[in-house]
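This report concerns only the one structure given below.
The values are calculated or read from the model by the stated rules, or taken from the named source; none is laboratory data. No experiment lies behind these values; they were computed from the predicted model shown. Note that we place each Cβ from the backbone using ideal geometry, even for glycine, and neighbour counts take in every protein chain shown. For accessibility, only protein heavy atoms count, side chains too; no ligands or nucleic acids. Shrake-Rupley method; radii C 1.70, N 1.55, O 1.52, S 1.80 Å.
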Amino acid sequence: MLCRRTTTLSTSTQQTRLFHLRTPNTPRLNNLSSTLSFTTVPTRVRATSTAVPLIFSRQFSYTPSALASTTTPDDLKASPLAPVDFAAIEQKWLKRWKENKAVEAQAGAVKAASAQELPAGEEPDKFYILSMFPYPSGNLHMGHVRVYAISDALARARRMMGFDVVHPMGWDAFGLPAENAAIERGIHPNEWTVKNIAVMKGQMEKILADFDWDRELRTCSPEYYRWTQYLFLKLHEAGLAYQKEAVVNWDPVDETVLANEQVDSEGKSWRSGAVVEKRKLRQWFFKITEYAEDLLQDLDRLQHWPERVKQMQRNWIGKSKGAEFDFKVNTSGSSGDIQVFTSRPDTVFGVQFLAVSVEHPILESVPVSHQQQLEEFKESLKKVNTSETEPGPEGVPTGLMADHPFLQGTKIPVYAVNYVVSDYGTGAVMGVPGHDERDFAFAKTQGIDVKYVVTPEPTEGGKAATEGGVLTGRGVLMGNNGEYSGLTSEAAAEAIVKKADGLGFGREKTSFRIRDWLLSRQRYWGAPIPMIHCQGCGPVPVPVEDLPVVLPMDVSFTGRGGSPLKQIDDWVKCSCPKCGGSAQRDSDTMDTFVDSSWYFLRYLDPHNTNIPFSHAKGTSGMPVDVYIGGIEHAILHLLYSRFLSKFAWKTGLYGRGPEVEDKAGKEPGRGEPFKVLLTQGMVQGRTFKDPVTGAFLKPDEVDLSDPANPIQKSTGLTPNQSYEKMSKSKYNGVDPEDMITSHGADATRLHVLYKAPPSEELEWDEQSIVGMQRFLAKVWKVVGNATQTGAGTGAFEPSMETMNKDERDLWRTLNHTVKELTTSFQSTYAFNTSIAFLIKLTNQLSTVTPSSSTTTTTSQPASKKAKKVQADVSPELYQHTAEALVKMLSPLAPAFGEECWETLQSRSSSTSSVKTPGTTPSVFSETWPSFHESALKEDKIVCGIQVNGKSRFNIEYDVSELPGDKAGQEAFLRDLVYKHERAQKWLLDDGGKVRDVKKMIVIKGGKLVSFVL
Ligand SMILES: [Zn+2]
């Protein structure tokens, strides 16, 4: 059962070959074996003492440095159990989990209810753990493995803690790659997607991720996008979906719209090679700006989000307070105003020009003399900019002049520029080159003499350095600001806006950087926009009962002639739902960000055929308790999800309304979808470069026989090494399937979690994965020893008073470990530290011996006559600790954990005979271990001694000896200190006399004593 591929070797040969360490037959173990009865142990266990299969059926090379901290020779003593075959264990438990799914689910619910001591009929607390769902590219990468290892471990542990866990998985299945595959390889996007999903689902199984597959969804299925369309209609109904013109990339040869990714670095179409143009199309937008203030304010409610992410969102929303001023423009025929927004009204006296976007309506009044230059400039902007850097500011004079509202008779020129966009603010800004970097740069291109109006706090010399640069800081208004001269920027801004308001040419204004969400895509593989365009009625929503607007499957993909949908006549042509006349469907599909901005709500009620999700399920299920995904989604995906979730909450699709929820103190509240956000760092691969040419080297070009000293095979030189984002072009990628095949899923998962805290970058190092295998092998030995203790399983409640020192030490370590793991799974997610604790506990278990079953009274030392190398602990404590260890390890290494648990349970002597394999309940139906605060107290205190503020030496004493009162503590500690040999040097004079002590202070409950001489 355990060993699928077995190679029989003698014990010593096997041990020597794999570990180069000592032979296993120590006298102590021989002794142990001889005292144990084998009647309850299957014969194959006994057989291991003479012939054993390989411990790891998967070969690996052992690097001693890799696990210096986690191994001792002791872990290699012979185990009473057959060695572990990780591959066989994984297969066995994958199969068992599938078979028992229904049974376990039912047992889990009952257990969850009883763990929370709920009255009958009431439901246990839910806990919603969500990994960002993947795009079905066809291959899991190490970044996926990292996310799923975290979320799977969390889900399993939370179930053991008694929560009703929701842990779904699905597919962000619409998008461009499928459509490109269709154009390039002639495979239908649907077929390509379905195939990839099947492959990736298999890979997820291989990493032992336990998702709620009964909640699985794919955004490309009509059952899902029907409700994406429904939400579009709801937004439209609320006035939050509207149409306006927006610029697209246009391929003039293929006559089609291109996504940014389809425009190459030279600004040419990926397919036709034509120079791509900017063209305007009427497109759909979601009015996310309507929620800007909410989206900004409610970031403060997100206590468990990384500050970095919140700051990125704040910057994206970009709220700035300022003012709006009207500048009068007198043209030959007509006159008009140019409104500008500024965040610096204190610099209004420094305005030297106005800059407007090329779409600004005032440009219709440009005098003939300037029209041709303006047209040429507009034409030049149509080319797509593809360089990495933003273009510098460019512009042309329009011949228009504006009146400065504060400086009577001052005329300022109006420029049409490339750096002001029409859909931001008013499409015009005031040009203040002295105090704005971009205006300064533009002024230089036009030869404008820069004027300064604000100076930083005047220096002692009286004058601030103003010439030659730009002064963006606030300060004091200079003498050229009329009645405002000498005021601070803040005071001046207030006074200037007040004056302008009174005279009617200005007002206070708040502006946001965020723009409305452009969601129309001129593509096929997306959710069709559920609108119909009628000549008479305009855009008309598709009636809800007609949803979904199904994506036709019979399409040809040429990549030419615009959107494929537009070319399907009998799909586009329809009748107007309002007037019945002939009309046309909107042939655009939605941005895939729309699909992914509400999927977490659908998971809560994935099979609902009447509405996107029921109010009750949405209300009880939201918010997501822990959301795990990459930092690359810190802005758009999270912002869009917050928008949709807030919209659903505000419009009553879920939630109990602000009044109830604000009082109930629900966190984070106000429709915020994600309570804890865990952004995991990137997985980076070891990267080698030719030291001379800088070219990336393939793995087979580097000799890694000594991993610490790689050598470039062709040159014999040491290549340059670094850790970089995994990519094909750098030859530094790692295939998760290879890792699992070579090292097992459990060890791979542990390795991923152990190498770095979740939020930090992970430098993938395959060499050290062996450390985790050795750790598991050690746990297996502990489990084996536990099966021989003769102790029963089940409840165990020792008393500190009756335990000997070794037992107290072990008990304390166990309790520390339980506390650490519990905290980690509940709030800190520091799985790397958790694993370190488990390793420590395992090491400690390996150094103790469960004393023979005759010494059940643990207060008596087991044996006094022989000086023992091994410490003794009671069989009950050993068994209990091993069980707790296995329970805590199981969420991290699930198949191995199950195998250990089954072994512990089925071999325990508390049952009269060995249980039939397969009848032991899963470890995941067990209750999470609890810890006792009282057990965490140290026996010994190491107390630091400071003399005149410097640490000089330590003393050690038993906690129990420290008196409770202050005076008693001082006397006790003083006595100990002066007895210490180091006191000679620091507290006595040359003649051995005690030096005068001005002050002695006992700090931290006796952990630090400070002497002032
Ligand atoms: Zn109509």
**Request:** Please report, in debye to the nearest 20, how large the charge dipole of the stretch 431-554 is about its Cα centre when each Lys and Arg carries +1 at its beta carbon and each Asp and Glu carries -1 there.
**Result:** 160
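Tell me whether the stretch 508-582 comes out rounded, prolate or oblate; compute the Cα gyration tensor, take square roots of the eigenvalues as a ≥ b ≥ c, and use a/c under 1.5 as the rounded threshold.
Taking the square roots of the gyration eigenvalues as a ≥ b ≥ c, the stretch 508-582 is oblate.
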**Request:** Go through Glu820, Glu237, Glu184 and list them by solvent-accessible area, largest first, probe radius 1.4 Å.
**Result:** Glu237, Glu184, Glu820
**Residue-wise HN-Hα coupling along the stretch 815-829, computed from phi with Karplus coefficients 6.51, -1.76, 1.60 (Hz; x: Gly, Pro)** = 5, 4, 5, 4, 4, 4, 5, 4, 4, 4, 6, 9, 8, 9, 6
**Prompt:** Carbon-plus-sulfur fraction of the accessible area of the stretch 556-614, 1.4 Å probe, in percent?
**Reply:** 46
**Message:** Going Cα to Cα from Lys310, which aspartates and glutamates come in below 18 Å? Please leave out same-chain ones fewer than 8 positions away.
**Reply:** Glu293, Asp294, Asp298, Asp300, Asp625, Glu632, Glu667, Glu672, Glu760
**Asked** Using modelled backbone amide H atoms (1.01 Å from N, in-plane), which distant-in-sequence or interchain residues come within less than 5 Å of Lys713's amide H?
**Response** Val702, Asp703
**Asked** With every protein chain present, what accessible area does Leu717 have (1.4 Å probe, heavy atoms only), rounded to the nearest 10 Å²?
**Response** 70
**Message:** Exceeding 27 Å between C-alpha atoms, which entries from my cross-link table qualify? They are Lys244/Lys646; Lys755/Lys1004; Lys755/Lys778; Lys98/Lys195; Lys675/Lys819.
**Reply:** Lys755/Lys1004
**Item:** Radius of gyration and maximum dimension Dmax of the stretch 719-805, Cα, Å
**Value:** 20.0, 64
**Prompt:** Solvent-accessible area per residue for the stretch 181-253 at a 1.4 Å probe radius, Å²?
**Reply:** 41
**Asked** In what order, largest first, do Phe174, Phe512 sit by accessible area if the probe radius is 1.4 Å?
**Response** Phe512, Phe174
**Item:** Karplus (6.51, -1.76, 1.60) ³J(HN,Hα), θ = phi - 60°, over the stretch 245-251, in Hz, Gly and Pro reported as x
**Value:** 6, 8, 7, 10, 7, 10, 8
**Cα-only radius of gyration and Dmax that characterise the stretch 137-218, units Å** = 15.0, 51
**Prompt:** In the stretch 779-846, if every C-alpha pair distance is counted and binned at 5 Å from zero, what percent goes to each bin?
**Reply:** 3, 15, 19, 23, 22, 12, 5, 0
**Item:** Å² of accessible area per residue within the stretch 881-1013, as computed with a 1.4 Å probe and no ligands counted
**Value:** 50
**Item:** Accessible solvent surface per residue of the stretch 698-834, calculated while the other protein chains remain in place, 1.4 angstrom probe, Å²
**Value:** 41
**Qualifying lysines (Cα of each under 21 Å from Cα of Lys451; at least 8 residues distant if same chain)** = Lys411, Lys463
**Item:** Under Karplus coefficients 6.51, -1.76 and 1.60, residue-wise ³J(HN,Hα) of the stretch 85-92 in Hz, glycine/proline x
**Value:** 10, 4, 4, 5, 4, 4, 4, 4
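Arrange the residues Tyr731, Tyr878 by how much accessible surface each exposes, largest first, with a 1.4 angstrom probe.
Result of the area sort, largest leading: Tyr731, Tyr878.
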**Message:** Going by Cα centres, the stretch 713-742 and the stretch 163-224 are how many Å apart?
**Reply:** 28
**Request:** Taking amide H positions as placed in the peptide plane 1.01 Å from N, state which residues far from Arg523 in sequence (5 or more) or on other chains have amide H under 5 Å from it.
**Result:** Thr589
**Fill in**
Measure of exposure for Asp735: accessible area at 1.4 Å probe, Å² rounded to 10, is 60
**Complete:** Counting only protein heavy atoms with a 1.4 Å probe and every protein chain in place, the carbon and sulfur fraction of the accessible surface of the stretch 632-717 in whole percent equals 54
**Request:** Can you spot the lysines whose alpha carbon is less than 18 Å from Lys499's alpha carbon? Ignore those fewer than 8 places along the same chain.
**Result:** Lys321, Lys328, Lys509
**Fill in**
Toy charge model, Lys and Arg Cβ at +1, Asp and Glu Cβ at -1: the stretch 776-841 dipole around Cα centroid in debye, rounded to 20, equals 240
**Amide proton proximity set for Thr410, modelled H, under 5 Å, gap of 5+** = His404
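Dipole magnitude of the stretch 301-355 about its Cα centre, charges +1 at Lys/Arg Cβ and -1 at Asp/Glu Cβ only, in debye to the nearest 20?
In debye, rounded to 20, the stretch 301-355 gives about 440.
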